[in-house]
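Worksheet: the structure to be examined is printed underneath.
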């Protein structure tokens, strides 16, 4: 059994993503949420950093982590995380980035 852990981070998109997704513009810095499927809810930042680089991010600064409780996904406030949660369950990881400010 596994759990989905969310890692909050800020990083600079440098390109060369190993994954196909709607990536940000090269050189922009973004706040992001990385969803990782793990066997426990401990912060495994080495693995998270590897995934950030696979998504094309460098200069990553983590703000923390926490287990995503699936039951909160039905609440209106957290509904936007349903899709990345399901993707992390299927693929082992998912990423949400927010537009550069």
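Working ranking of peptides 41-49, 4-12 by packing, defined as the average number of other Cβ atoms within 10 Å per residue, highest first, is 4-12, 41-49. Across the chain, Cα pairs under 8 Å and at least six residues apart give a relative contact order of 40 percent. Please report how far the C-alpha centroid of the stretch 76-101 lies from that of the stretch 10-30, rounded to the nearest whole angstrom. Value for the Cα centre distance between the two parts: 16 Å.
Does the chain classify as rounded, prolate or oblate by the C-alpha gyration tensor (a ≥ b ≥ c root eigenvalues; a/c under 1.5 gives rounded; else a/b over b/c gives prolate, otherwise oblate)?
Values: a/c = 1.74, a/b = 1.44, b/c = 1.21.
Verdict is prolate for the chain.
Each reported figure results from applying straightforward, stated rules to the coordinates on display, with no laboratory input. Computed from a predicted model, the values in this text were never measured in an experiment. Note that each Cβ is placed from the backbone with ideal geometry, even for glycine, and that neighbours are counted across all protein chains shown.
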